[in-house]
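One structure is given here, and the rest of the page talks about it.
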Amino acid sequence: MEDRDGPPVLLLVGSSGGHLAQLLALRSWYERWRRVWVTFDTPEAVSLLTGEDVVPAHHPTTRNVPNLLRNAVLAARVLRRRKVAAVVTTGAGVAVPFVVLAWLRRIPTVYIEVYDRIDTPTLTARLCRPFLSAMLVQWEEQRRQYPEATVVGTLL
């Protein structure tokens, strides 16, 4: 994982399942970039990310303080060892330490709110929001919670 002197990478951070699926839907945008994925080491994620540079995160993350701390240490290590151009995430809990620590290092951070939370913000988005360079949403209705957000349309 020692690559600090190499070219910049895009850090794509997301829990497995729907969060990962939404990041994968951005393929036409990210395929021209060197990238590193941070997600859970599940059979589905391993299969979907075959051939990609993947850093396994600790799970579960929901209300699990020990894994939050483990992922904070992981985030610090990844951000120190890689030349990260930007962090892009769809959540969930694994995103929080990566967004906060990237912000502290003045690395641009982008959060894409998930498509299935239209009327209420996700906990992860609320936690990450103060540390974001850009907030993207998939529905115009989501701008009620995030007036500063840019609507990008549905990813799936």
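The values are calculated or read from the model by the stated rules, or taken from the named source; none is laboratory data. What you see is a predicted model; the values in this text were computed from it and never measured. Methodologically, a virtual Cβ is constructed for each residue, glycine included, from the backbone with ideal geometry; neighbour enumeration extends over all protein chains shown.
Below is a table of values for the structure above.
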read-out: Residue match in segment 3-18 (condition: at pLDDT below 95 and assigned to a helix (DSSP H, G or I)); value: yes
read-out: Segment 60-114, residues that are among the aromatic types (Phe, Trp, Tyr) and farther than 19 Å from residue 155 by Cβ; value: 98, 103
read-out: Scope segment 86-111; condition within 22 Å of residue 25 (Cβ to Cβ) and aromatic (Phe, Trp, Tyr); matching residues; value: 98, 111
read-out: Test: residue in segment 77-89 that is crowded, with 17+ Cβ neighbours inside 10 Å, in a helix (DSSP H, G or I) and not hydroxyl-bearing (Ser, Thr, Tyr); value: yes
read-out: Tabulated pairs, segment 91-120, first in contact (Cβ under 8 Å) with a residue 40 or more places away in the chain and closer than 16 Å to residue 69 by Cβ, second polar (S, T, N, Q) and surrounded by fewer than 23 Cβ atoms within 10 Å (Cβ to Cβ), C-beta under 6 angstrom, 6+ apart or interchain; value: 93/61; 93/62; 94/61
read-out: Residue 18 touching a Gly at 6+ places or on another chain (Cβ under 8 Å) and surrounded by 15 or more Cβ atoms within 10 Å (Cβ to Cβ); value: no
read-out: Hits in segment 42-65 (condition: over 17 Å from residue 90 (Cα atoms) and either in contact with a strand residue (DSSP E or B) (Cβ under 7 Å, 6 or more places away or on another chain) or surrounded by 19 or more Cβ atoms within 10 Å (Cβ to Cβ) (or both)); value: 52, 53
read-out: Flag for residue 34 being modelled with pLDDT of 95 or more, within 16 Å of residue 11 (Cα to Cα) and of a type outside the set (S, T, N, Q); value: yes
